[in-house]
Every structure is written in structure tokens, then in C-alpha cells.
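Reading through the C-alpha cells given below for one structure.
The values are calculated or read from the model by the stated rules, or taken from the named source; none is laboratory data. Bear in mind the structure is a predicted one, so any value in this text is a computation, not a measurement. Glycine gets a Cβ as well: all are built from the backbone with ideal geometry, and neighbour counts include every protein chain shown. SASA here: full protein model, heavy atoms, side chains in, ligands and nucleic acids out. Shrake-Rupley method; radii C 1.70, N 1.55, O 1.52, S 1.80 Å.
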Amino acid sequence: MPVRFPHPDPVRPTQTGGRPRVFPVFLPLAGCPGRCIYCDQPAQTGQAPEPLEAVLARARVELSALPWPVELAFYGGTFTALPSPWPERFLDLAAELRAGGHVTRVRCSTRPDAVTPELLHDLRGRGLDLVELGVQSFSDTALSASRRGYEGATALAACRMVREAGLGLGIQLMPGMPGHTSADLARDVETTASLLPELVRLYPCLVLEGTELAGLWRRGAFAPWPLAVTVEALARALRTLWAAGIPAARLGLVEQQGLTVLAGPRHPALGQMARSRALLLHVRDLLATFPEAPDTLFVPRRWQGEVLGQGNALAADYAGLGLRVELWDEHEFGVE
Ligand code: SF4
């Protein structure tokens with residue numbers, strides 16, 4: 001009888017079907033103290049900065065017209081540092097839309113050095129549910145090399161503040177930013193897991209045209225992580241997050257039209273490659289717990305692509321573990 005085990009991802013794609021869609025309202029660079037060296041939010045969001053009054057009016061029209069409820073997200077800038085009364089005005093709109101049944105939850109993204117307990121408490125009272133912090137790393141060396149303007153302790157304190165304010169916490173990390181190593185990422189992910197965020201996003205650092213990082217890269221002063229290094233590091237990160245029951249909501253940037261990527265670990269299937277590799281590492285570690293080495297891995301049909309990877313790229317790795325891969329109609333995996 002095969003020994004069964006579930007997919008290690010705490011939130012598998014089939015489980016997310018019932019969750020409301022996230023509707024992003026982009027506020028590119030609004031509230032930001034400057035432009036970070038790797039950031040081109042207008043190109044990343046596909047939206048140029050515009051007066052907040054116009055963003056607010058358009059959001060009201062678009063959201064009111066939606067036939068289904070959504071989770072409203074204020075992304076692309078530093079929401080908690082918007083000048084008064086803009087956070088209040090956007091959250092008033094969200095409350096109005098929530099009362100009308102158009103919005104179920106409200107989230108925003110911001111910087112770790114742009115929150116205080118008082119501010120978070122106030123925003124929660126106005127209807128904010130979740131804060132995604134652009135932590136990028138908890139490593140002082142990486143934060144300093146990337147000129148983020150805060151230290152790891154600030155990022156850590158901000159994460160705790162969000163949770164203590166009774167808000168959901170999202171953490172964004174940027175593997176491979178200047179000064180950041182694979183070992184830093186492993187530590188960052190351990191720290192992240194210990195903070196029990198509701199979601200994590202991992203955006204490997206890319207060199208975007210028009211950023212300060214592009215200049216550093218052209219002068220040879222910055223080298224992005226190679227794709228293979230990134231996939232391996234993301235796979236290890238995924239395993240840590242999966243083991244802690246934390247979903248990785250996103251791996252890699254969504255590339256909008258107009259975004260020019262000059263260099264970096266860019267691949268349309270980056271997330272899938274990392275997931276496949278993470279699954280392989282999971283199976284490998286599981287095998288080590290068996291007194292006698294199993295020779296067959298039974299895979300639910302729907303996970304065939306994820307197990308074997310793009311173009312069956314991982315078939316040889318499973319063979320290297322002494323495993324023959326067989327598909328079956330069960331929901332769980334099996335080994336014998
Ligand atoms: S704070 Fe965030 S959105 Fe603003 S410039 Fe920096 S990375 Fe971009």
C-alpha cells in the first residue's frame with residue numbers, strides 16, 4: 001500500500017476558487033518619499049501617476065459597476081503616507097462600496113517606515129483590513145545597499161505593529177536586490193514565517209529601464225541573480241512558507257506592457273518552476289524518512305505538470321531519486 005501525503009502547499013489553486021477577486025486601484029508612487037533604486041511603479045502597474053481626485057472618481061465608477069463583490073486593494077504607492085485627507089477619502093469610498101455590497105475587504109500596500117501604531121489603529125477603524133508591507137529584506141546590509149532608508153529592525157517592528165493593530169499582514173520580499181544573498185533570503189523567509197503573515201509575495205529583483213538600478217547594472221556595479229539561482233532560492237523559500245502554513249500569493253512581477261526589463265531572473269513560468277522544484281525537494285526529504293527506499297511516486301493527474309515541470313524538466317531528477325512517476329486518480333500523492 002502506498003504511503004499517502006498531501007500537496008505541501010497550504011493553499012492549493014483548487015482551494016482558491018471561492019475567494020473574492022482582488023480589484024487593484026493603483027496610486028503609482030503616491031506618498032513615496034522618493035523613488036527607490038529598482039522601482040518603476042508607473043511601468044510596473046501600467047498606469048502613469050495622476051491626480052488622486054481622478055483616481056478616486058474612476059474607482060467609484062468602476063467598482064460600482066462590478067456585478068460581483070471584490071477585495072479592494074490600494075497598490076503602487078505608500079498608502080499610509082498619502083497626505084491627509086487622502087487615506088481617509090479612499091477608505092470612505094471603500095466603506096461606501098462595502099455598504100453597497102461591492103467590496104468585501106480592503107487592503108493597501110505601504111513601506112515599513114510609514115506606519116505607526118496610532119495610524120494603523122485609525123485606518124483599521126476606518127475599514128482597512130490588511131496591510132502589505134514592502135519589507136524587501138530584513139538584512140541591514142541589503143537594505144543599506146539598496147538604499148531603502150530603514151533597517152531590518154524597523155521592518156520587523158512594522159510587521160508586528162500591523163498584527164498588533166488587528167490587521168491582516170502581507171509581506172513583500174525582493175530576492176536578489178543589491179547586497180542580498182541566497183542566505184539572506186533564507187533568513188528573511190524564516191523571519192517572515194515567524195511573523196505569521198496572511199500572505200507573502202516574492203518579487204525577484206529585475207533591472208528595469210529608467211531606474212537607478214539600470215545605471216548601476218550598465219556600469220557593472222550590480223548583477224542580478226541568474227534564473228537558476230533564483231528558482232532554487234524561491235523553491236527553498238516556498239518550502240519554508242508551506243511548512244509554516246503560509247501561502248505565497250505571488251512569485252515574480254506581472255509584466256505590464258511598457259515595462260522594459262533589461263536584466264534579471266525573468267521567466268513567464270518562474271512561479272511554476274519554483275513550485276515544481278519545491279515539490280521535488282519535499283519528496284526528496286520525505287524519502288529520507290523511509291527505512292527502505294520507495295521506488296514509485298504516485299501523482300494525482302492534476303499535478304502531473306507541476307511535478308514533472310515544464311517539458312518534463314524534472315523527470316530526470318525523480319529518476320535520480322530512484323522514483324518512477326505514475327499518475328493516479330486519487331487526490332493525494334503516494335509513495336511505495
Ligand atoms: S516606496 Fe515602494 S512604490 Fe514607492 S518608490 Fe519605493 S518601491 Fe516604489
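The largest accessible area among Met1, Met177 belongs to the first residue in Met1, Met177, and the rest follow in falling order (1.4 Å probe, all chains). Measuring only protein heavy atoms, the 1.4 Å probe finds Glu53 accessible over about 100 Å². DSSP beta bridges confined to the chain are antiparallel in about 20 percent of cases. Relative to the longest principal axis of the Cα atoms of the chain, the long axis of helix 52-64 lies at roughly 60 degrees. Placing unit charges on the Cβ atoms only, positive for Lys and Arg and negative for Asp and Glu, gives the chain a dipole magnitude near 360 debye about its Cα centre.
Taking Cα atoms, how many degrees apart are the long axis of helix 270-287 and the longest axis of the chain, rounded to 10 and kept between 0 and 90? Orientation of helix 270-287: about 40 degrees from the principal axis.
What separates the Cα centres of region 49-95 and region 225-242 is a distance of 34 Å. Quick one: Kirkwood hydrodynamic radius for the chain, alpha-carbon pairs, angstrom, one decimal? For the chain, the Kirkwood estimate is 21.4 Å. Across q = 0.18, 0.19, 0.23 Å⁻¹, region 291-335 modelled as identical point scatterers on its alpha-carbon atoms has Debye log10 I(q)/I(0) values of -0.49, -0.55, -0.77, in the order of the q list.
In this structure Asp184 has an accessible area near 20 Å², from a 1.4 Å probe over the protein heavy atoms.
Residues Thr141, Thr260, sorted by accessible area with the largest first, give Thr141, Thr260 [1.4 Å probe; ligands and nucleic acids excluded]. Placing +1 on the Cβ of every Lys and Arg and -1 on the Cβ of every Asp and Glu, with nothing else charged, gives region 70-196 a dipole about its Cα centre of roughly 140 debye. How charged is the neighbourhood of Tyr150? Take every other residue with its Cβ under 13 Å from the Cβ of Tyr150, and add Lys/Arg as +1 and Asp/Glu as -1. For residues surrounding Tyr150, the net value is 0. Lacking any other cysteine beta-carbon closer than 4.7 Å, the following Cys residues of the chain have no compatible partner: Cys32, Cys108, Cys159, Cys205. Using the Cβ-Cβ distance between Arg4 and Glu50 with R0 = 45 Å, the FRET efficiency computed as 1/(1 + (r/R0)^6) comes to roughly 0.25.
Helix 152-164 and the longest principal axis of the Cα set of the chain meet at an angle near 80°.
Per residue, the chain exposes 44 Å² of solvent-accessible protein surface, assessed with a 1.4 angstrom probe and all protein chains in place.
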